[in-house]
1. Looking only at segment 312-323, filter to residues that are in contact (Cβ under 8 Å) with a residue 24 or more places away in the chain and away from the ligand (no atom under 16 Å from the Cβ); which one of those is surrounded by the fewest Cβ atoms within 10 Å (Cβ to Cβ)?
2. What are the residues in segment 198-224 that are away from the ligand (no atom under 12 Å from the Cβ) and either closer than 17 Å to Pro263 by Cα or β-branched (Val, Ile, Thr) (or both), if any?
3. Since Arg161 meets every condition but one in (1) touching a strand residue (DSSP E or B) at 6+ places or on another chain (Cβ under 7 Å); (2) among the charged types (D, E, K, R); (3) farther than 30 Å from Trp136 by Cα, which condition does it not meet?
4. If I filter segment 11-18 for residues that are modelled with pLDDT of 95 or more and crowded, with 19+ Cβ neighbours inside 10 Å, do I get at least one hit?
5. How about segment 128-154: which of its residues are in a strand (DSSP E or B) and among the β-branched types (Val, Ile, Thr)?
6. Looking for something aromatic (Phe, Trp, Tyr), out of contact with any His (no Cβ under 7 Å at 6 or more places or on another chain) and within 22 Å of Leu133 (Cα to Cα) - is there at least one such residue anywhere in segment 52-73?
7. Report, by residue number, each residue of segment 277-299 that is within 12 Å of the ligand (Cβ to nearest atom) and among the acidic types (Asp, Glu).
8. Please work out which one of (1) of a type outside the set (Val, Ile, Thr); (2) in contact with a helix residue (DSSP H, G or I) (Cβ under 8 Å, 6 or more places away or on another chain); (3) assigned to a strand (DSSP E or B); (4) under 20 Å from Ala65 (Cα atoms) is the condition Leu125 fails and give its number.
Amino acid sequence: MTSPGAVWVYSERHGESFRPVSLEILAAARSVADALGTKLVAVTVGAGEAPANALTYYGADEVVAVEDPLLDRYDTKLFTDLLEAELRPTDPSVLLLGATRDGQDLAGRLAVRLRTGLTAHVTSLEVDPGKRLVGWVPGFGGGIEAGVVCPNQRPAIVTVRPGVFPTPVPGEATGVVRINHPTLDESSFGSRRVSFEPKGLTVDLTRSEVLVVGGRGTDGDFSRLQRLAHCIGAEVGATRVATDSGWVERERMVGQTGVVTRPKVAVILGASGAVQFTVGIEKAGFVIAVNRDPDAPIFESADLGIVGDLAPIVDRLVRELGEA
Ligand SMILES: Cc1cc2nc3c(=O)[nH]c(=O)nc-3n(C[C@H](O)[C@H](O)[C@H](O)COP(=O)(O)OP(=O)(O)OC[C@H]3O[C@@H](n4cnc5c(N)ncnc54)[C@H](O)[C@@H]3O)c2cc1C
């Protein structure tokens with residue numbers, strides 16, 4: 001059995017692979033475990049044993065894989081039951097999960113079951129001199145960063161936003177894999193699948209190397225941005241105004257409520273630069289902003305600023321890049 005006090009990372013399955021955020025956290029958790037002087041354990045729940053081995057390439061000392069063919073779909077009650085059964089006897093000091101839809105769902109349930117604290121949506125992690133994990137969370141609309149600790153209970157449960165840590169490169173395989181086969185039947189589930197319709201569109205802006213992001217200044221015309229994105233191999237993102245107005249899908253929102261991105265280049269068009277938005281691009285390599293207001297705060301976040309009406313600027317870029 002795993003030694004008490006270890007750092008555990010929930011590695012969320014996505015078919016035969018893992019959610020990218022789970023690998024980001026696992027690699028980042030290595031230094032947390034080292035700073036706490038403890039082991040790093042990756043725990044995964046799903047159908048098929050094979051993917052569990054992949055986790056050994058990201059720094060885990062131990063991989064615990066709960067496997068059964070019935071675990072090919074997420075179920076709140078069942079996944080909570082299975083994780084609780086793994087966590088309770090081993091008394092981890094920390095449990096990290098990706099702030100995905102399922103990760104957030106599980107984290108809240110587990111925090112209640114284990115009577116412990118949950119720090120949600122952190123954007124960075126640190127171990128303080130007292131050997132406590134500090135999860136940093138943007139607060140009060142992004143105006144401050146709050147460091148949250150869970151001093152008296154364990155595990156300290158933390159959900160981490162996708163994209164805040166770099167995508168890790170697999171290294172040498174380390175650690176041992178332990179496969180657990182729970183006894184399950186349909187009654188183990190809290191829900192029953194009546195029908196299943198996969199969602200057509202899935203955009204993951206956290207993986208895009210180049211982003212073209214539009215705000216209110218686009219006046220809802222995202223076709224112009226899509227043409228530019230097409231020319232430069234970019235994905236299209238948006239401010240909250242643009243997604244709330246229904247101009248583009250909600251999953252394209254960048255920022256505090258949306259996603260934190262780390263593209264090499266971000267082109268920001270017609271966005272004022274509210275702090276709740278810029279938190280989503282502050283890890284970009286190079287930011288180009290176009291705004292007709294020379295005093296727009298977005299220019300403080302930009303490496304290159306262009307003052308002017310975005311429509312003719314984008315049209316010209318598309319024309320010249322298209323010809324090139
Ligand atoms: C708790 C909370 C969470 C939030 N989370 C998010 C979030 O995740 N993401 C997010 O984006 N927002 C978020 N917001 C909202 C945020 O505060 C801003 O309201 C929003 O980002 C503004 O969007 P915008 O820049 O598109 O619009 P505006 O602030 O209205 O800015 C439009 C800009 O376009 C410029 N412009 C207008 N026409 C043109 C033109 N033709 N050419 C060039 N420039 C032009 C204007 O000069 C202006 O600067 C959040 C707010 C709160 C309170």
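The values are calculated or read from the model by the stated rules, or taken from the named source; none is laboratory data. Worth saying up front: this structure is predicted, and the values here are computed from it rather than measured. Neighbour counts are summed over all protein chains in view; Cβ atoms, including those assigned to glycine, are modelled from backbone coordinates with ideal geometry.
1. Within segment 312-323, the match that is surrounded by the fewest Cβ atoms within 10 Å (Cβ to Cβ) is Gly322.
2. Those that are away from the ligand (no atom under 12 Å from the Cβ) and either closer than 17 Å to Pro263 by Cα or β-branched (Val, Ile, Thr) (or both): Thr202, Val203, Asp204, Thr206, Arg207, Ser208, Glu209, Val210, Leu211, Val212.
3. In the conditions (1) touching a strand residue (DSSP E or B) at 6+ places or on another chain (Cβ under 7 Å); (2) among the charged types (D, E, K, R); (3) farther than 30 Å from Trp136 by Cα, Arg161 misses (3) alone.
4. There is at least one residue in segment 11-18 that is modelled with pLDDT of 95 or more and crowded, with 19+ Cβ neighbours inside 10 Å.
5. Applying the first criterion (in a strand (DSSP E or B)) to segment 128-154 yields 133-139, 144-148.
Once the filter is applied, which keeps residues that are in a strand (DSSP E or B) and among the β-branched types (Val, Ile, Thr), segment 128-154 yields Val134, Val137, Ile144, Val148.
6. Within segment 52-73, one or more residues are aromatic (Phe, Trp, Tyr), out of contact with any His (no Cβ under 7 Å at 6 or more places or on another chain) and within 22 Å of Leu133 (Cα to Cα).
7. First, the residues of segment 277-299 that are within 12 Å of the ligand (Cβ to nearest atom): 277-281, 289-299.
Correct list: Asp293, Asp295.
8. (4)
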